[in-house]
Every structure is written in structure tokens, then in C-alpha cells.
Amino acid sequence: MLWPTLLAVAATVYLVVRVVMTLRARDAPRVRPIRPTYTPPPELTPGVAARLLRDVNDAEGVVAEVLDLAVKGAWQLGVREVDGAGTWVLLRPSPYGPILDQVPEAVYRGVFNRADMTVARTLVPSDTRAAHAKEARTRAEDLVVAKGWVRRHRGHYLVLNLVGQALLAGSLAIPIAAAMNKAGSLVDPGGPEGLPLIIYGGSAGFFSQFLGVKPWTLTPEGRRLVDEVEGLRAYMTLPDDERSRVLDTDAVSRVKAHERLLPYAALFGIMPDWVEVLRADHSRAGTSPAWVEGGGQDAAATASVYASLAGVGGLRRLGA
């Protein structure tokens, strides 16, 4: 009964530790209600914000960075026919790239590398661009940890999973080893009395592999930033009349504020609706989107960009 007993004790200790660590791996609590806001947190670029939101995938973070660079004037967006499909083209004002933070820098270099002196690039599939998109995601993940906005737990749970696998292996090894030795040896499973202990230890190791755990959690500062980003989502999904009450300003200022939120429409999955908001805003203000090819002066080109934006299909190729 020695080894079955030791296995059962180890399984009990393991389960207690596993449950305690799972309960402790929680995001910092929200300290105030979400309030609609139209100003993105200055500490974040959209690609970094994507690493703080659990319902946003990696490709959407890269798309959001591309759009953010357009809105900030790093390049303009256009549409070209490639193999019968509309594909994004990015046109920069100069062959010399701007000074950017590390995450948008990786996205920018995925389109225009340092030795590239061209000013236009079509976003057709490219292994190099996919590698830069992956680098941007890695930089964003490392940044949110370095800034103290999230706390990683991957290492802890890797060890716990290995311990669970060891328990499972032990539950199989004890009866196998006992069968190869005479009764009364150290690996004797203890007959019928030891069998429940072996089953218990093996079950603990097996089923613990399926416990849902968070690889990272939000710190209090990370929670504050996420709440601000969620405030953008709350504002952008308001009905038009309520949104106008929150942002009570002139038509031109409203256009500028709403264009700054375009990258976040990609993160939140509301791009078709937000494209219509921008279209209506420019119509009321009598302005054109400067981030569109030609400064938005070509109505057909602008309509093509809006139509493609609503699908966000061309941009997704950057991180494919």
C-alpha cells in the first residue's frame, strides 16, 4: 500500500495547489463602471490594446495598426484589383519612414523595409510580411508585461501540467511494476485496497489537464486601460443621437474624433457600421478622408476603400 498511498497524497496536494492557483489567477477587479468615451488611451496603440482584450484575435490587432498608421498620416489606403479581387495598396508620402513606437514599427516594416525606396506597396500574401506581423504581436505581448499591465502565468501552469502528467504516469506504472515483481515488494499495489487510491491519483492527473486556466491576468493598471478601451466600445456602439450627446461638438471635430476610432472598429468587429458613421460624418462636415488614396478627392476611389474596409479582407492578408 506504500506507493498507492503516496500517489493519493501527492494527488491531493496537487489538486489543492491547482485549485488555489486557478482561483488566484484572476484579473484585477473593475473599480468604476464603464463610461462611454471617444478618446483612446494615450499609452496604447491599437495593436497593443489587442493584447489586453481577450475577445480580440491577433489578426485584428495587426489590421488595427495598419489603419492607425493611415489615420495618423504614415500612409494612405487604396484598392487595386489583384487576381480579380480588390486588395489594399498602401501609399506613403516619402520613401523615408516615420519614427514609430516598436509595435507599429514592426507593422510598418512588414510593408516597407528599411532598404525599400518605393512609395506604394500592394498587400499581397508574403512570408516576410507575415513574419513582421508575428513580430509585432510578440512585441505587443512583451510590452504589456514590461509595463506591468498584465501578469503571466504560463510557466506556473506548465509545471502543474507536468506534475499532473507524472501522476497519471505513476498510476499506470505502479500496477505494471507490481506485476513484474512478487507480492510484498515496494511496488505492490496493495491488492483491492490500493486500487481506489491508484484510480484517484491517475484521475486527478488526467482531468487536471483540462482545467481552464488563464495564461495571463490584468493588473490594476491593466484593468484601468482595458476599462478605457471598453469605454470606446460603449461609445461606438451607442445610437447616433446618444453618441451626439456624448460628443457635443462641431461637425469637423466630430469627423476627426471618429476617424481616430477607426482602428478600434476593427478590434471590436463593428467596421461595417463605423464605415457608415464616417461616411455620414464627412457628408455633414463637407470633408474628405485624408487617409484615403488621393486625399479622398476621388469619389470612386473613396467608395472602393469604404467598401473594402467594411469587409477588412485585404488587410487581413498582412497577418495571414
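The values are calculated or read from the model by the stated rules, or taken from the named source; none is laboratory data. As the structure is a computational prediction, the values presented were derived from the model and not from experiment. Here the Cβ is made from the backbone with ideal geometry for all residues, glycine too, and neighbour counts use every protein chain on show. Please note that ligands, DNA and RNA were not included when accessible areas were found on the heavy atoms of the full protein model with its side chains. Shrake-Rupley method; radii C 1.70, N 1.55, O 1.52, S 1.80 Å.
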What angle, in degrees between 0 and 90 and rounded to the nearest 10, separates the Cα long axis of helix 2-24 from the longest principal axis of the Cα atoms of the chain?
20 degrees
Given contacts defined as C-alpha pairs under 8 Å and at least six residues apart, what's the relative contact order of segment 20-106, whole-number percent?
20 percent
Which GluC sites (Glu not before Pro) from segment 88-176 combine a DSSP loop assignment with at most 10 other Cβ atoms within 10 Å?
none
10 Å binning of all Cα-Cα separations within segment 49-131, expressed as whole percents from 0 upward
16, 50, 29, 5
When the helices in the chain are scored as -39500 (n - 2.57) per DSSP H run of 4 or longer and the sum is shared across all residues, what 222 nm value do you end up with, to the nearest 500 deg cm²/dmol?
-19000 deg cm²/dmol
Which order do you get for Phe112, Phe207 if you rank them by accessible area with a 1.4 Å probe, largest at the top?
Phe207, Phe112
Accessible area of Met21, 1.4 Å probe, to the nearest 10 Å²?
50 Å²
At 1.4 Å probe size, with every protein chain present, just tell me what the per residue accessible area of the chain comes to in Å².
50 Å²
Dividing the mean separation of Cα pairs under 8 Å (6+ apart) by the residue count of the chain yields a relative contact order in percent of 33 percent
Sort Glu276, Glu259 from largest to smallest accessible area, using a 1.4 Å probe on the heavy atoms of the protein chains.
Glu276, Glu259
Shape call for the chain, from the Cα gyration tensor axes a ≥ b ≥ c (a/c under 1.5 means rounded, otherwise prolate when a/b beats b/c, else oblate), comes out prolate
Lysine pairs in the chain with Cα distance under 30 Å, only those 8 or more apart or on different chains: how many are there?
7
Just need the relative contact order of segment 81-124 here, percent rounded to a whole number, with Cα pairs under 8 Å and 6+ apart.
57 percent
Charge dipole (debye, nearest 20) of the chain; +1 at Cβ of Lys and Arg, -1 at Cβ of Asp and Glu
760 debye
Hey, got a sec? Which chymotrypsin sites (Phe, Trp or Tyr not before Pro) in segment 75-104 land in a DSSP loop and have at most 11 other Cβ atoms within 10 Å?
Tyr96
Set Lys and Arg Cβ to +1 and Asp and Glu Cβ to -1, take the dipole of the chain about its Cα centre, and tell me which of Ser283, Thr12, Ala106 lies farthest positive.
Thr12
Of Thr22, Thr219, Thr128, ordered by accessible area with the largest first and a 1.4 Å probe, the sequence is Thr128, Thr22, Thr219
A correct Karplus calculation of ³J(HN,Hα) over segment 34-39, with 6.51 cos²θ - 1.76 cosθ + 1.60, θ = phi - 60°, whole Hz and x for Gly and Pro, returns 6, 10, x, 9, 10, 10
Determine how large the accessible area of His258 is when every protein chain is in place; take a 1.4 Å probe and give Å² rounded to the nearest 10.
0 Å²
Provide the gained length on full extension for the span Arg114 to Ser253, in nm with one decimal, where the gain is 0.36 nm per separating residue minus the Cα-Cα distance.
46.5 nm
Simple spin-label model, 7 Å along Cα-to-Cβ: Val17 to Ile199 in nm?
2.7 nm
Counting only protein heavy atoms, what percent of the accessible surface of the chain is carbon or sulfur at a 1.4 Å probe?
60 percent
Work out which trypsin sites (Lys or Arg not before Pro) in the chain are exposed loop sites (DSSP not H, G, I, E or B, at most 16 other Cβ within 10 Å) and give the longest gap free of them.
183-320
Report, in degrees rounded to the nearest 10, the 0 to 90 angle that the Cα long axis of helix 271-285 makes with the longest principal axis of the chain.
20 degrees
